[in-house]
Amino acid sequence: MEIDNVMRLVRENIRNLAPYSTARDEYKGSIGAFLDANENPYNNGYNRYPDPRQRELKERLARLKGIDPSKIFIGNGSDEAIDLCVRIFCNPRLDNIVTIAPTYGMYRVAAAINDVRVREVPLGDDYSLPTAELLAACDENTKLMFICSPNNPTGNSFSVEQLRWLLEYFDGILVVDEAYIDFSSQPSVSSLLSEYDNLIVLQTLSKAYGLAALRLGLAFAHESIMQLFANVKYPYNINLAGMQRAAELLERNVRQEVEAIVAERRRVAEALAAIDCVQHVYPSDANFLLVRVDDARTVYNKLIEAEVIVRDRSGVPGCEGCLRITIGTPEENERLLQIMKG
């Protein structure tokens with residue numbers, strides 16, 4: 001789908017929105033005296049408002065990700081980007097989104113907040129992607145399709161070929177959430193951005209990059225879509241301290257940490273499979289494992305009593321009897337294994 005057709009999917013009021021603009025957005029030259037924003041003039045390092053366009057951090061991310069800065073949005077966590085997708089494209093009480101199930105719960109929450117209907121399509125056997133069923137669930141009011149890959153909580157990835165097929169045949173925006181892509185054997189679909197204007201790719205600095213406390217989520221898309229994100233977001237959605245610290249920490253190479261987590265994922269999966277109460281350990285492309293056990297609540301409570309917390313997913317349709325276990329340090333993982341063996 002080309003960008004002209006994509007823009008027809010945007011809510012009319014958003015398409016016609018006159019965004020809030022700061023004086024520093026409007027003036028591009030050098031500034032010697034800042035008398036525009038009613039700030040305290042005495043410098044303490046944080047007395048000035050941060051760059052609302054996050055230009056320096058975007059340049060750093062552009063080099064890291066190989067994506068033009070004009071195609072990058074930085075949000076207050078990926079949840080802000082998810083909410084903006086719904087707010088920009090979906091008319092309340094009229095439009096709908098399609099998602100897989102089970103999957104990340106914020107798609108449904110963002111839709112509910114914006115009074116947008118959700119149509120969930122169950123994953124197939126072994127959590128496979130039901131591409132034909134996803135398209136069958138769409139109608140003329142389906143604006144967005146959310147696919148999490150690697151998927152949370154199942155841990156499996158979907159192939160680029162399957163996602164390309166959806167891009168070819170879906171008449172809306174495909175949002176591919178790649179929060180766990182750095183742990184995956186599958187490549188990012190961000191390589192398809194130059195081919196498909198109806199693609200939005202979400203990533204995060206919370207997982208592999210270890211910056212969860214800074215709350216920095218990323219969206220990549222055609223520059224016209226990213227301009228809509230910039231128009232609708234709150235003007236100063238990312239604070240200066242967060243941007244500065246992120247720029248510093250992005251200089252370090254996290255590849256060694258990622259490789260260590262992946263190696264631990266393999267070790268823990270093998271060890272869990274040998275424990276009596278474990279029925280099945282699902283293959284994972286993420287930094288967690290979905291594990292089916294004999295009595296999920298009993299095992300969960302046992303871990304809690306030993307001050308180890310995991311995520312009980314046993315109440316989620318499609319994950320009955322399952323716990324989601326994050327891969328920690330070798331010491332944390334060993335502690336978990338010993339408790340579950342006992």
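May I ask for the angle, rounded to the nearest 10°, between helix 240-249 and the longest principal axis of the chain, with both axes built from Cα atoms and the value confined to 0 to 90°? Rounded to the nearest ten degrees, it is 60.
Pairwise Cα distances in region 255-341 exceed 18 Å for 36 percent of all pairs. Computed per residue of the chain from DSSP H runs no shorter than four, each worth -39500 (n - 2.57), the mean residue ellipticity at 222 nm is -10000 deg cm²/dmol.
Each Cα pair of the chain feeds into the Kirkwood radius, which the Stokes-Einstein equation turns, at 37 °C and 0.692 mPa s, into a diffusion coefficient of 152 µm²/s. Close amide-amide hydrogen proximity is noted between Val98 and Arg119, Leu144, Met145, Phe146, each under 5 Å apart and 5 or more residues distant or on a separate chain (H modeled in the peptide plane; Pro and chain starts excluded).
Averaging the Cα positions of each part gives two centres, and for region 42-114 and region 196-222 these lie 8 Å apart.
Computed extension gain for Ser21 through Asn40, at 0.36 nm per residue and net of the alpha carbon distance, reaches 4.8 nm.
Over region 195-306, all Cα pairs binned in 5 Å intervals from 0 give whole-percent P(r) values of 2, 9, 13, 14, 14, 13, 12, 10, 8, 5, 1, listed from short to long.
Counting only cysteine Cβ atoms and a cutoff under 4.7 Å, the chain contains unmatched residues Cys85, Cys90, Cys138, Cys148, Cys277.
Suppose the Debye formula is applied to equal point scatterers at every Cα of region 127-172; what is log10 I(q)/I(0) at q = 0.17, 0.29, 0.30 Å⁻¹? Summing over Cα pairs of region 127-172 leads to -0.49, -1.19, -1.23.
Lys-Lys pairs in the chain that are eight or more residues apart or on separate chains and whose Cα atoms lie under 29 Å of each other come to 20. In plain terms, the chain from Gln186 to Ala263 could stretch by 26.1 nm, reckoned as 0.36 nm per residue minus the Cα-Cα distance.
Here the chain carries DSSP beta bridges of which approximately 50% are antiparallel, counting only pairs with both residues inside.
A short reminder: the numbers here are calculations on the coordinates, not readings from a lab. This one's a predicted model, so the numbers in the text were calculated from it and none came from an experiment. In this analysis, Cβ positions are derived from the backbone assuming ideal geometry, glycine residues included, and neighbour counts consider all displayed protein chains.
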